[in-house]
Amino acid sequence: MRAPTLAYGDESLKVPAPFDEAQVLDAPDLPPAADPEATWRAACAAAALRVAATLPPGARLALVVPDRTRPLPLPRLLPPLLDALAAEKIEARRITIVPASGIHAPMSRAELAAWIGDDAARRGALLDPHDADAPARRLGRTPGGIEVAARPSVAGAGAALVLGRIVFHYLAGFGGGRKMLVPGCAARRTILAMHARCLDPRPGAGRHAAAVAGRLAGNPVHAASVAAARLFPPSTAIHTLLTGDGRLADAFAGDLFADHERACARYAAAHRALVDGPLDAVFVSAGGRPTDRDLVQAHKALEAVHGVVKDGGTVVFVARCADGVGNREVEQALRLGSPAAIEAELRRDFRVGAHTALALALKTARVRTLAVTELSDELLALAGMERAASLEEAARIVLERHGADARVALAPRGGSLLYSIP
C-alpha cells in the first residue's frame, strides 16, 4: 500500500509514520459526464435560447466568465458557446466578454485574450477586463441598503450570460451563479458592502455564524449577493460542475438563483466528508498549486477543517505560499494583534483582507497550527502559526502532544470538501 501524500506546490509530500495509516477524509465526488462534449453543447444551446428570449434586438450581450483565479478550460468551452449564440443570431460582434475579477488584480486585454483562447479571441467579441476601481454604472439600492454599481459593459448590457463553476465559498456558501455578477463585475464599494455582511450584527460577536462554506439558507453574504444581482439586466447562467480532477461532471442552463441553489445542493452532497467525532489533530493540504500560491487562497483549507478539530487540538497546515500573503491588507490587520482589535477595525472600515486576517486569527487562537510553508517567520508569528520544517517534524510534535492513541486524520483535498460532524 502506497503511503498517502499531501500536495505542496508542485510536489507531493509523503505522510510519515505513524500517521500514514490515519483516516483519510474524503467524499464520493461527482462522476464525470458520460459524453462531456454532448453535455456541454446541450447546455450551450439551452443557454443561447434563454438569452435570445431576453436580449433586445441589436442590444449587446455581456458574457461573464471566470477570471484566472477560478480555473475553467475556457479555450475548450467558449467556442461551442459562441457557436450556439451565433445560431440564435447573436453574433460575436454584439458580445462583450468580461472576466468576473471582483477585487482581484485586473487582467489586461492581452491576458484576457490568452485566458479565453485563440479561437474565442478571434471571433470579434469585445474584450473588457473588469477593474473594481474604474468608473462604474449605478444600478440601484438593495432592500438591505447596499448601493449597487458595476462594470458599465455589464450593467448597461441588454442581457447577461454568466459561465459559473460551482465550488464552496467560505463566506457566501458557494461560488458561481449570482457571485459572477456581485462581486464578480461590481464596483469596489459594492463588493465591500456585500462582504461586510459576514460580520455578526452584534459588535464584538465576530463573524456571522451562517456566513460559512456550504450554507445558503440564512447566509447574509449570499442574501446580499442575490439582492444585488437582481438589479442587473436579465441574466442567464450556465452552471458547471467539475470532478475532483477537473473533468466535466455536468453543465446546464438556468437562472442565477433557484437553479444555482439546485446545482449547489448536488455539489454539496458529493463533496461532504463526514467525521464521526472531533479530532485531536488533522493534517491538511491547501491543494498544491495554484490553490496554495499565497496565504489568502491557502487559508481556505484551514477554514474548511478547523470546525472538526477539538479546542486546543492541532492542525498541520501544508501550503507552500511561494507568493507570500497575497494581500497586504491581511498582514496590516494581523499587526493589530488580537482578534478583538481586528474586528473593531473591520467595523470601522471593512476590508476583505482584514476579514481574512480575522478569520485566520480566530482559528489559530483556538487550535495550535503548525505550518509547512515558505511564509516568513515574521508572518507566521503575526498569524499565530508555528513553522514545522517538514512533515516529519510536524508528525513528531503531534505525536508528543496528543499521544499514539490520538484521533488524527488527513485532509488531502483541503478546501475543496465540506467537513462536518453528524
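Some values worked out for this structure:
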quantity	calculated
For the chain: rounded, prolate or oblate by the Cα gyration tensor [a/c cutoff 1.5]	prolate
Computed accessible area, Glu111, all protein chains, 1.4 angstrom probe, square angstrom	80
Accessible area in the full protein assembly, largest first, 1.4 Å probe, for Lys300, Lys89, Lys179, Lys310	Lys89, Lys310, Lys300, Lys179
Three-way shape label, segment 1-134, alpha-carbon gyration tensor, a/c 1.5	prolate
For a label point 7 Å along the Cα-to-beta-carbon line of Asp10, residues of segment 346-378 with backbone N under 19 Å	373-375
Nearest-10 value in Å² for the accessible area of His271, using the 1.4 Å probe	0
Cα gyration tensor, segment 195-312 - rounded (a/c under 1.5), prolate or oblate	oblate
Helical contribution to [θ] at 222 nm, DSSP H n ≥ 4, -39,500 (n - 2.57), averaged over the chain, rounded to 500	-10000 deg cm²/dmol
Taking the chain and dividing mean pair separation by its residue count, relative contact order in percent (alpha carbons under 8 Å, at least six apart)	20
Additional length obtainable on full extension of the chain from Ala270 to Ala53, 0.36 nm per residue less Cα span	74.8 nm
Antiparallel DSSP beta bridges within the chain, as percent of all bridges there, nearest 5	30
Rg(Cα)/(2.2 N^0.38 Å) for segment 355-422, N = residue count	1.23
Relative contact order computed over segment 304-392 (Cα-Cα under 8 Å; 6+ residues apart), in percent	38
Residues Ala134 and Ser338, FRET efficiency given R0 of 35 Å [Cβ-Cβ distance, rounded to 0.05]	0.45
Order of exposure, largest accessible area first, which applies to Glu303, Glu329, Glu11 with probe 1.4 Å	Glu11, Glu329, Glu303
Principal axis dimensions, segment 260-326 - Cα atoms, whole angstrom, descending	36, 33, 15
Length gained when the stretch Arg141-Val24 is fully extended (0.36 nm per residue, less Cα-Cα span)	37.5 nm
Mean Cα-pair separation over length for segment 153-238, i.e. relative contact order, pairs under 8 Å, 6 or more apart, %	41
Interchain or long-range residues, amide H under 5 Å from Arg60's placed H	Gly158
At 1.567 mPa s and 4 °C, Stokes D of segment 86-203 from Kirkwood alpha-carbon radius, µm² per second	84
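The values are calculated or read from the model by the stated rules, or taken from the named source; none is laboratory data. Computed from a prediction, not measured in an experiment: that's the story for all the values here. FYI the Cβ positions are ideal-geometry reconstructions off the backbone, even for glycines, and counts take in every protein chain you see. These area figures cover heavy atoms from the full protein model, side chains too; ligands, DNA and RNA do not enter into them. Shrake-Rupley method; radii C 1.70, N 1.55, O 1.52, S 1.80 Å.
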